[in-house]
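Asker: Let me begin by handing over the structure; questions about it come next.
The values are calculated or read from the model by the stated rules, or taken from the named source; none is laboratory data. All figures in this text were calculated on a predicted structure; none of them were measured in a lab. All Cβ positions, glycine included, derive from the backbone under ideal geometry; neighbour counts span all protein chains shown. With ligands, DNA and RNA removed, areas are computed over all heavy atoms of the protein, side chains included. Shrake-Rupley method; radii C 1.70, N 1.55, O 1.52, S 1.80 Å.
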Amino acid sequence: MKKNIALLAGGYSGEYEISIKSSIQIAEDLDKDKYNVYRIILTRNSWYYEQGNDRIEVDKNDFSLTLKGEKIRFDAAYITIHGTPGEDGLLQGYLDMLNVPYTTCSALVSALTFDKSVCNAVVRSFKEVNVARNVLTCSNNPLTESEILANVSLPVFVKPSAGGSSIGMSKVSESQDLMPAIEKAFGVWNKVLIEEFIEGREFSCGVMTIENKVTALPVTEIVSMTEFFDYDAKYNGKSKELTPAPISTDLTKRIQHLTEYIYTNLHCSGVCRVDFIYNEKQDKLFFLEINTTPGQSAQSIVPQQVRVMGKDTKWLYNTILEQIDLK
């Protein structure tokens with residue numbers, strides 16, 4: 001009997017449209033012989049399934065749909081929501097209470113990795129990983145400029161501690177620009193991370209479990225046409241993504257090893273993507289962040305890496321779903 005899969009998309013953040021694009025690709029590629037796929041759109045006001053011109057609301061009491069008088073219960077959820085509530089653990093906690101398995105990290109791991117300041121603190125404790133110096137400031141008790149610059153040196157990146165797609169992020173080279181950049185970031189989140197700039201090349205590496213083994217995907221180099229890999233660079237064509245990255249075999253293996261190491265030690269699951277900066281003078285890789293629900297449209301980085309492996313997105317999405325224990 002075919003399994004009923006809730007493909008959850010949308011969400012409450014500025015990454016809504018990116019999530020919708022990912023979900024269209026996933027819905028197209030999931031095995032129709034194995035799964036009945038219901039694409040559920042989440043907004044702050046409504047969780048709904050579209051059937052023709054009708055929108056059918058999800059019953060949040062038991063996470064079900066009623067279609068033509070038949071109650072549809074879900075065997076699993078495929079989460080492709082970037083930002084809240086699909087990347088920060090909220091949705092995972094809800095599904096845990098209803099005993100519905102899902103394709104991403106657990107509620108705890110999702111919450112930990114979503115908050116950059118918390119995640120950096122945890123990853124900094126790992127023996128093999130370098131993390132740039134940083135300081136956290138909160139809107140209800142903000143640090144002064146002098147307090148910040150006593151802990152980090154310019155230039156710095158100023159970014160909301162939670163959120164994605166570089167929304168609200170700024171690069172600051174002059175002290176007079178620091179506090180306006182922090183105010184901009186406070187417009188996205190009430191905690192802001194100020195992180196020292198590391199000069200170097202940026203790399204991104206996907207990782208997932210394949211045949212019960214944590215496996216890093218081919219490495220991508222990100223070459224931004226803007227000052228850093230911001231929203232325009234990510235989604236409006238102002239960057240080059242080179243897969244496989246034009247680097248030595250040794251550096252490729254180092255990036256892949258660290259990616260698997262971080263994924264394993266953070267107790268991640270599903271497909272994730274880890275970003276690094278490589279400083280050639282120091283010959284060091286610095287951890288930037290881990291994305292636990294990376295973009296899944298055909299143009300996204302992880303699908304690019306999968307194609308370099310000789311696979312396609314059908315293989316990717318079905319493999320992700322097969323990793324979980326369906327009811």
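Asker: Rolling a 1.4 angstrom probe over the protein heavy atoms, how many square angstrom per residue are accessible across the chain?
Answerer: On a per-residue basis, the chain sits at 46 Å².
Asker: HN-Hα J couplings of the range 246-251 from phi, Karplus 6.51/-1.76/1.60, θ = phi - 60°, integer Hz, Gly and Pro as x?
Answerer: x, 9, 5, 4, 4, 5
Asker: Quick one: which of 132-140, 254-262 comes out on top by average Cβ neighbours within 10 Å, and what's the full order, highest first? Walk me through the intermediate numbers first.
Answerer: Working: 132-140: 16.1, 254-262: 20.4.
Result, highest mean Cβ count within 10 Å first: 254-262, 132-140.
Asker: Which lysines, if any, have their Cα less than 16 Å from the Cα of Lys34, not counting same-chain residues under 8 positions apart?
Answerer: Result set, ordered by chain and number: Lys2, Lys3, Lys314, Lys327.
Asker: If packing is taken as the average number of other Cβ atoms within 10 Å across a peptide's residues, how do 77-87, 53-63, 151-161, 280-290 rank, most packed first? Display every interim value, and only then the final one.
Answerer: Values: 77-87: 26.3, 53-63: 12.5, 151-161: 19.3, 280-290: 16.0.
Packing order, densest peptide first, comes out as 77-87, 151-161, 280-290, 53-63.
Asker: With r as the distance between the Cβ atoms of Asn61 and Lys314 and R0 = 25 Å, compute the FRET efficiency 1/(1 + (r/R0)^6) and round to 0.05. Present the calculation step by step, with values, prior to reporting the outcome.
Answerer: Values: r = 34 Å, r/R0 = 1.37.
With R0 = 25 Å, the Cβ-Cβ based efficiency is 0.15.
Asker: Given a 1.4 Å probe and every protein chain left where it sits, what share in percent of the accessible area of the chain is carbon and sulfur?
Answerer: With neighbouring chains kept in place, the figure for the chain is 48 percent.
Asker: Please give every one of the aspartates and glutamates within straight-line cross-link reach of Lys32, meaning a C-alpha to C-alpha distance under 17 Å, and leave out same-chain neighbours fewer than 8 residues apart.
Answerer: Asp75, Asp312, Glu322
Asker: I've got another one for you. So if R0 is 35 Å, what FRET efficiency would Arg133 and Asp325 give, r being the distance between their Cβ atoms, rounded to the nearest 0.05?
Answerer: Working: r = 41 Å, r/R0 = 1.18.
Once rounded, the FRET efficiency stands at 0.25.
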